[in-house]
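Notes follow once the structure below has been shown.
The values are calculated or read from the model by the stated rules, or taken from the named source; none is laboratory data. Just so it is clear, the structure is predicted and the values come from calculations on it, not from any experiment. For neighbour counting, all protein chains shown are included, and Cβ atoms are generated from backbone atoms with ideal geometry for every residue, glycine included. The area values use the complete protein model at the heavy-atom level, side chains included, leaving out ligands, DNA and RNA. Shrake-Rupley method; radii C 1.70, N 1.55, O 1.52, S 1.80 Å.
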Amino acid sequence: MSIQRFHSGPRMSQMVIHKDTVYLAGQVANDPTPDVETQTRQILGQIDALLAEGGSDKSKLLSATIYLTDMSTFGAMNKAWESWVDTANPPARATVEAKLAAPEYLVEIQVTAAK
């Protein structure tokens, strides 16, 4: 059994690959000062980079879980998501309202993809 871990620290890895499945940790914006749409765009860019590093891409997404601190920002987050997602291959997705690790984070996204 081969498990690869990427960008690991004492608490977590940013990406784990097992067999032909790529698991990403929840991603938050590198710059959490902008609005939820801009934070979402930052996160989706980070997801693209990690998936590429793992030998995958957004067309191979299996699932996504999106955490919003305020469900009233659902439309703004979706604006960024819908301009990014591969509409021919959309993943299973859930969006929930949750308190995140720090108040400046407005959105966190976790995805799983095939390799």
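A few points about this structure:
- Elements of the type strands (runs of 3 or more DSSP E) sitting completely within the stretch 1-60 and holding at least 2 residues that are open to solvent by 60 Å² or more (accessible area, probe 1.4 Å) and among the basic types (K, R): there are none.
- Some residue of the stretch 85-92 being among the β-branched types (V, I, T), free of Cβ contacts under 8 Å to residues at least 24 places away in the same chain and farther than 24 Å from H7 by Cα: yes
- Inclusion of T87 among residues that are part of a strand (DSSP E or B), farther than 15 Å from Q42 by Cβ and among the hydroxyl-bearing types (S, T, Y) is not warranted.
- Answer residue from the stretch 69-113, given it is of a type in the set (D, E) and farther than 20 Å from N30 by Cα and is least open to solvent (accessible area, probe 1.4 Å) among those: D86
- Filter pass, S63 being surrounded by fewer than 16 Cβ atoms within 10 Å (Cβ to Cβ) and in a strand (DSSP E or B): yes
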